[in-house]
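**Student:** There's a structure below that I have some questions on.
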Amino acid sequence: MKPIGPLPPAFAGQSRLTIGGEDFADLLAQAGDTPAFLYDGAAIAARVARLRAALPDGVGVHYAIKANPHGDVLAAIAPIVDGLDVASGGELAKALTVKPAAAISFAGPGKRDDELEQAIAAGATLHVESEGEADRALAIGDRLGLTPRIAVRVNPDFELRGSGMRMGGRASPFGIDAVRVPALVRRLVAVGADWHGFHIFAGSQTLDTGAIIEAQAATLALAGRLADEAGAVPAFVNLGGGFGIPYFAGDTPVDVEAVGAALGEALAGRAAALADTGFAVELGRWLVGEAGVYCTRVVDVKQSGGETFVVVDGGLHHQLAASGNFGTVVRRNYPVAVAERMDGEPVITASVVGCLCTPLDRLADRVALPAVAVGDTIALFQAGAYGATASPSAFLGHPPAREWFIPGKR
Ligand SMILES: Cc1ncc(COP(=O)(O)O)c(C=O)c1O
């Protein structure tokens, strides 16, 4: 038997799964059927409110929509955050339906000319990832008769410790190596670009509170140093994020209140060049991950080689991350439960497998479960981020998962 990750606090102690105060079966009926992602709008709003309360005054909250770009999620979160971060022309188009361009930033390597043009024409901030991209943006601005708003994404000379996805301290396709940044900023200012500041994103998915505090302090110090070396004052510094959520046994949550308090101290001692600079953190997963549950129905329970397999109508084509094939080195189990019997006594050890013809399609590996029958519902938690849009949904031609947003009471 292998352990499962911790149930998010909102679901611990339930006897039958409810999400946002509603029974899962009612929600699935509203959504249409399984497989479905159910998103709790009230949980997302509570998360934003908690982060805002923890952060020092004046530090904005930006949402990286790659974590969950579902239309209802975007419509709910856009009015309560200060900015949206996008990573493609497609995400930009979605973001523009819910937020003014001035509050949208476009980061990510490999922006095509037509995407740069889309951002410049709309007036979004480009986070340039190379000198070449900056040159292309300037040329497109010239052609359009517009001044592009450009922030420089810095590949920092440090990394976010404990991060599942490191984006600093090494050779990287993301951002411009810190040593080369002052020269580019000087050039942008000299040619009259609307240079907006720095974007310093050191990594993603860390649960180490101390590492986040350390990275934020290092980010502020780096921004101050780069501003001095460039001889230019940044209007804005995006401090990145990297706050993780607990997926696996033994994981513990980030202490965001401690992060906020430490950021307040770091900001109080910031370099003179940053005295009038605006700041924001940029988070995806932490804001929406815990608010989502992926529900999939049991279509078969079978025995093979002395093991029990619970076969469900969903799989890794919807929720790749739970199968361990999205950036994890060692496969471990996400939190999982039988929705009808959340508090059922574990009586079997079984693997939950999806409907795809690949042994990779294993959503839970040899976990303890209550008795499971055909027709029961398996709930996989921590499914609100990097689920539906980060999974190979075209694989084998199965239908996409439904996605259902629970607005909650306002
Ligand atoms: C530039 C940038 N911003 C934001 C994010 C979102 O990270 P997370 O969802 O872990 O908060 C990422 C993740 O890769 C990123 O690359």
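Nothing in this text is a laboratory measurement; each read-out follows from the coordinates by a stated rule. This structure is a prediction, so every number in the text was calculated from the model and none was measured. When we count neighbours, we look across all protein chains shown, and the Cβ atoms used for this are built from the backbone with ideal geometry, even at glycine.
**Student:** Name the most mobile residue of ALA268, ALA75, ALA178, meaning the one with the largest mean-square fluctuation, in a Gaussian network model of the chain with Cα contacts below 10 Å.
**Tutor:** Maximum among the listed residues: ALA268.
**Student:** Tell me which aspartates and glutamates have Cα within less than 20 Å of LYS99's Cα, excluding those fewer than 8 residues away on the same chain?
**Tutor:** Partners found: ASP72, ASP82, ASP85, GLU91, GLU115, GLU117, GLU282.
**Student:** Another question, then. For ASP33 paired with ALA121, estimate the spin-label separation in nm (one decimal), with each label point 7 Å from Cα along the Cα-to-Cβ line.
**Tutor:** 4.0 nm
**Student:** Next question, about the same structure. Which of VAL367, VAL353, VAL191 moves the most in a Gaussian network model of the chain with Cα springs under 10 Å?
**Tutor:** VAL191
**Student:** Where does the charge balance sit around THR209 when Lys and Arg score +1, Asp and Glu -1, over other residues with C-beta under 15 Å from its C-beta?
**Tutor:** -4
**Student:** Can you run phi through the Karplus equation (6.51, -1.76, 1.60; θ = phi - 60°) for the range 323-336 and list ³J(HN,Hα) in whole Hz, with x for Gly and Pro?
**Tutor:** Per residue, the Karplus-derived 3J(HN,Hα) values read 7, x, 10, 10, x, 9, 8, 10, 6, 10, 8, 5, x, 9 Hz.
**Student:** What are the ³J(HN,Hα) couplings of the range 284-295, residue after residue, when phi is run through the Karplus curve with 6.51, -1.76, 1.60 and θ = phi - 60°? Round to Hz, x for glycine and proline.
**Tutor:** Residue by residue, the range 284-295 yields x, 3, 5, 6, 10, x, 6, 7, x, 10, 9, 10 Hz.
**Student:** I've got another one for you. Rounded, prolate or oblate: pick one for the range 69-283, where a ≥ b ≥ c are the square roots of the eigenvalues of its C-alpha gyration tensor, a/c under 1.5 means rounded, and failing that, prolate if a/b is larger than b/c, else oblate.
**Tutor:** Note, shape of the range 69-283 comes out oblate.
**Student:** To continue, here is another question. Does the range 54-186 come out rounded, prolate or oblate by the C-alpha gyration tensor, with a ≥ b ≥ c the root eigenvalues, rounded set by a/c under 1.5 and, if not, prolate when a/b is larger than b/c and oblate if not?
**Tutor:** Oblate.
**Student:** What does the convex hull of the alpha-carbon atoms of the range 368-410 project to on average, in nm²?
**Tutor:** Here the figure is 5.5 nm², rounded to one decimal.
**Student:** Explain nothing, just the number: dipole magnitude of the range 69-283 about its Cα centre with +1 on each Lys and Arg Cβ and -1 on each Asp and Glu Cβ, in debye rounded to the nearest 20.
**Tutor:** 340 debye
**Student:** Let me ask something else. Give, rounded to the nearest 20 debye, the magnitude of the charge dipole that the chain has about its Cα centre when Lys and Arg contribute +1 at Cβ and Asp and Glu contribute -1 at Cβ.
**Tutor:** With only Lys, Arg, Asp and Glu charged at Cβ, the dipole is about 240 debye.
**Student:** Please label the shape of the chain as rounded, prolate or oblate, based on the square roots a ≥ b ≥ c of the eigenvalues of the alpha-carbon gyration tensor (a/c under 1.5 means rounded; beyond that, a/b larger than b/c means prolate, else oblate).
**Tutor:** Since a/c reaches 1.5 and a/b is larger than b/c, the shape of the chain is classed as prolate.
**Student:** Which listed residue (VAL59, GLY375, LEU126) has the Cα farthest towards the positive end of the charge dipole for the chain, taking +1 on Lys and Arg C-beta and -1 on Asp and Glu C-beta about the Cα centre?
**Tutor:** LEU126
**Student:** On to the next question. Identify, among PHE248, TRP404, LEU138, the residue whose Cα sits farthest towards the positive end of the charge dipole of the chain, taking +1 on the Cβ of Lys and Arg and -1 on the Cβ of Asp and Glu, with the dipole about the Cα centre.
**Tutor:** LEU138
**Student:** Could you give the DSSP H helices of the chain that reach 15 angstrom or more along their long axis (alpha carbon positions) and whose average Kyte-Doolittle hydropathy is no lower than 1.0?
**Tutor:** Span-like helices, by this rule, are 256-268.
**Student:** Ok, one more. Around ILE140, what is the net charge, scoring Lys/Arg as +1 and Asp/Glu as -1 over all other residues with Cβ under 12 Å from its Cβ?
**Tutor:** Here the charged neighbours net out to -3.
**Student:** In a GNM of the chain with a 10 Å cut-off on Cα contacts, which of HIS398, HIS127, HIS62 has the highest mean-square fluctuation?
**Tutor:** Largest GNM mean-square fluctuation: HIS398.
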